[in-house]
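A.B. asks: Below you will find the structure I want to go over with you.
The values are calculated or read from the model by the stated rules, or taken from the named source; none is laboratory data. This one's a predicted model, so the numbers in the text were calculated from it and none came from an experiment. Cβ sites come from the backbone with ideal geometry, for glycine too, and all protein chains shown count toward neighbours. Remember, those area values only see protein heavy atoms, side chains included, never the ligands or the DNA or RNA. Shrake-Rupley method; radii C 1.70, N 1.55, O 1.52, S 1.80 Å.
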Amino acid sequence: MSKKSSRSIVGSFNLLSESLRPDKEPVEPNNPSFSPAPHHTPRMPAGVVAATERSISQLREERDQLRARLSNMAPDELDPAILEPSPIPDRLPDDDQEGFNALVDSISAEGQKLPIQVRPHPSKPGRYQIVYGHRRWRAAQHLGVKVRAFVVDLDDRELIITQGLENESRQDLSWIERASFARKMEDGRIDPRDIKGALSIDDAELSKMRMVTRVISRDLIETIGRAPKIGRPRWLNLAKALESDPSREADVRQTLSGDKAPTSSNERFSLAMATLQAEHLKSSDEIDLLTSKDVRIGTASFSGSSVTIRFSKDHAAPLREFIRSALPELADAYERQVASNRSKKG
């Protein structure tokens, strides 16, 4: 058997350009391990690695050109049963059933408007792995219809970078999903320069992603879930709390495994954070005061019978007055809580 030639996304773009010229016949990949698409629509071949590797910005520009050309190509229609998820998943378990139901209703009423992208399975002839479009695939499975897909020849490295480039323009991936995907790219020995370019992040952001995914185990991240409303600051706080005492992860796991654990990933994160903070508040400690949108407005220090709140400069004056006016109501709420607790014990 002949040795498989090295392939790159760049080669895919360049060879696709050639295959779409009116005076050229479509170029097919020369790889016996790949099975042919079940239809005769043009396939996008990967080609040979360029002598000089191109930058991510060039790849991104060529990807946009590719998208424009794809509008003139007819996708394959594949049976969802012969498709498998990407070997490098970029999503965490999804608890947004309402959003998925809306996608199913849309495809049922109007058809699948945007094709997904797949590659021939590297070891299972006649099957395919999804590069991106997993939710559309799941919707097609649910409806029992074929899924419209472009078939692209990619090796593992190219598949990961292609997913990263696609994720750059997606707004529905949460911060922890992007951080987890960056970790998986690094585990796949993707160059940090390519990771930063594919996800449009800088060294500082990649460093924060590394810290969170290094301290918080993959199992715990998956248990919490995608938590779309939880941004970088709160994930960093959770990681810092666990870094100071790694043994506390067992407490968080136990809390989240209970029968009363929330079904929402956002609430599971909040419960995990509350579990860690409950122990910290027994001694002198300081926590960040964050709004629901992860805006840091100050800190609160707890020591014995004292609580000290320090406001950020931009919020000091209005927050001081707000807390002053809210204290009577807070005292009443505390009194009601104490009375409620007594009645339950009685």
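A.B. asks: Using heavy-atom solvent-accessible surface (probe 1.4 Å) with all chains present, what is the largest-first order of His142, His134?
C.D. replies: His142, His134
A.B. asks: Any chance you could run the full-extension gain for Glu267 through Arg218? It's 0.36 nm times the residue separation minus the Cα-Cα distance, nm to one decimal.
C.D. replies: 15.8 nm
A.B. asks: To continue, here is another question. What order do Lys146, Lys229 take when sorted by accessible area (1.4 Å probe), most exposed first?
C.D. replies: Lys229, Lys146
A.B. asks: OK, next. Taking the simple approach of a point 7 Å from Cα along Cα-to-Cβ for both Ser343 and Met73, what is their distance in nm?
C.D. replies: 6.8
A.B. asks: Let me ask another. Note the direction-averaged projected area, equal to a quarter of the hull surface, for the Cα convex hull of the range 77-186, in nm². If you can, show how the numbers build up before the last one.
C.D. replies: Numbers: hull surface 27.5 nm².
Result: a mean projected hull area of 6.9 nm².
A.B. asks: Something else about it: Considering every pair of different Cα atoms, what Kirkwood radius, in Å, is found for the range 205-328?
C.D. replies: Values: mean 1/r = 0.0632 Å⁻¹.
In the range 205-328 this quantity evaluates to 15.8 Å.
A.B. asks: Let me ask something else. If you take the Cα atoms of the range 237-282, find Rg, then find the Kirkwood Rh from the mean of 1/r over all pairs, what is Rg/Rh?
C.D. replies: 0.95
A.B. asks: Suppose the chain between Ala274 and Asp203 were pulled fully straight at 0.36 nm per residue; how much longer would it get relative to their current alpha carbon spacing?
C.D. replies: Values: separation 71, 0.36 × 71 = 25.56 nm, distance 3.02 nm.
Length difference between fully extended and current span is 22.5 nm.
A.B. asks: Taking 7 Å along the Cα-to-C-beta vector as the label spot, tell me the Asp191-Gln97 distance in nanometres, rounded to one decimal.
C.D. replies: 4.6
A.B. asks: Using 0.36 nm per residue, how much length does the chain from Thr299 to Ala326 gain when fully extended, once their Cα-Cα distance is taken away?
C.D. replies: 7.9 nm
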